[in-house]
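Reading through the structure tokens given below for one structure.
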Amino acid sequence: MRGREFLFRVETSDRPADYLKYERLRNAIWDFSEDALPGSRNMMSENYLHDGSSLFIGVFARDDRGGFPLDEARLAGFSYGFVGLRDKAAGFRDAANLWFYSQYAGVRPEFEHCGLGVPIKEFQKKILLEAFGIGAVVCTYDPLTGVNAHRNIGRFGMEILEYREDTYGAFGGRLNRTDIPSDRFFAYWDLKREPTRPAFELESLLEPGHAVVRSSDTEIVGKTRACRLEIFEGLDPNLEADLLLVRIPSDYYEMLRETDTADERVRRIPLDWRLGTRTAFQTLFRRGYRVFDFVLSGENPKPNFYVLKRVQDGR
């Protein structure tokens, strides 16, 4: 995988100590210790191979001797989730009412450019279909993170069910900031449906009458360097075209890091994007639009666009 080899495996251990590596990796990725996984004993008990309904997947990097030691030093990525319910009133009485909630999927920072995000989800899909007999996954992700949108919508064809405001409250660390509301999309992945890319011409949607978000670029003095960032300027949420574009920043993670300064005008750049796109998505969803696709344009820098389509029955 981009010059590296990795082993994907389901965690089978019945030793609580073996589960601590997942918590330490989670901290290395998100760097927000206040948001903790359960204790190691509870994590072991949760494992579907023991007493619970959770699935732990570990990704291990090949070492210099050609092997795949199953230790913390070689643990490059992981995913964790558990069985949940679609309809709370129906409960567990109908197997078709079950879906899998994918809570964490992450890669150690030094392995972030090895292309592991998609294979982790594909391996998760394989295990859920073969071992769990579950054909649906739900998860949350930040609508402003293009790398996640590209994978979840563009690659796997996930359906966005809801826009949730400030889902996790004050959520800090390496990939979030406590002063930015933790809004999330709640997404649904049908594992039994092969995704197909919708047919449309992005160039035609870049013409007037389709762009909901107005933005511009500006130079800022960031936390670590001078850089050029997109600035949210306003909305046109009442456009009437069947297909509309909602632009998001090209790299929201970089924006969060570089605007984490004492200059309030710089600091609020990602907050403006959060509040502005929140209004855009909520307004369009109420008007009967749904997320249709996610694309990158060929411009430089490459802006990210959600494509929303008007659905007559609101579904």
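Condition first: over 17 Å from residue 233 (Cβ atoms), surrounded by fewer than 16 Cβ atoms within 10 Å (Cβ to Cβ), modelled with pLDDT of 95 or more and acidic (Asp, Glu). Can you find one or more residues in region 264-280 that meet it? Checked against the condition, which is being over 17 Å from residue 233 (Cβ atoms), surrounded by fewer than 16 Cβ atoms within 10 Å (Cβ to Cβ), modelled with pLDDT of 95 or more and acidic (Asp, Glu), region 264-280 yields at least one hit. For residue 34, the test of being acidic (Asp, Glu), assigned by TED's automatic domain parsing to the domain that holds residue 170 and without any contact (Cβ under 8 Å) to a residue 60 or more places away in the chain is failed.
Listed by position, the strands (runs of 3 or more DSSP E) inside region 199-315 whose residues that are in contact with a Leu (Cβ under 9 Å, 6 or more places away or on another chain) and β-branched (Val, Ile, Thr) number at least 2 are 213-221, 243-248, 289-296. Whenever a residue of region 280-297 is touching a residue at least 24 places away in the same chain (Cβ under 8 Å) and not assigned by TED's automatic domain parsing to the domain that holds residue 144, its partners that are surrounded by 19 or more Cβ atoms within 10 Å (Cβ to Cβ) and part of a helix (DSSP H, G or I), lying with C-beta atoms within less than 6 angstrom and at least six residues away or across chains, give the pairs 294/149; 294/153. Among the residues examined, residue 84 qualifies as within 22 Å of residue 42 (Cα to Cα), out of contact with any helix residue (DSSP H, G or I) (no Cβ under 8 Å at 6 or more places or on another chain) and assigned to a strand (DSSP E or B). Within the set 131, 149, the sole residue that is in contact (Cβ under 8 Å) with a residue 60 or more places away in the chain, outside any strand (DSSP E or B), under 28 Å from residue 309 (Cβ atoms) and aliphatic (A, V, I, L, M) turns out to be 149. Checked against (1) assigned to a loop (DSSP other than H, G, I, E, B); (2) modelled with pLDDT of 95 or more; (3) not aliphatic (A, V, I, L, M), residue 185 passes all but condition (1). Scanning region 35-60 for residues that are within 24 Å of the chain's Cα centre (by Cα) and over 24 Å from residue 138 (Cβ atoms) yields a count of 1.
Scanning region 6-32 for residues that are among the charged types (D, E, K, R) and more than 24 Å from the chain's Cα centre (by Cα), we see that the one that is nearest to residue 120 (Cα to Cα) is 18. Being out of contact with any helix residue (DSSP H, G or I) (no Cβ under 9 Å at 6 or more places or on another chain), in a helix (DSSP H, G or I), of a type in the set (D, E, K, R) and touching a residue at least 40 places away in the same chain (Cβ under 8 Å) is a property that holds for residue 125. Against the condition crowded, with 19+ Cβ neighbours inside 10 Å, touching a Ser or Thr at 6+ places or on another chain (Cβ under 8 Å) and modelled with pLDDT of 95 or more, how does residue 248 come out, does it pass? In short, yes. Among the residues of region 5-14, none qualifies, meaning not one is within 22 Å of residue 141 (Cβ to Cβ) and free of Cβ contacts under 8 Å to residues at least 60 places away in the same chain.
The values are calculated or read from the model by the stated rules, or taken from the named source; none is laboratory data. Everything numeric here is computed off the predicted structure, so don't read it as measured data. A quick note on method: Cβ atoms are made from the backbone with ideal geometry, for glycine too, and the neighbour counts reach across all protein chains shown.
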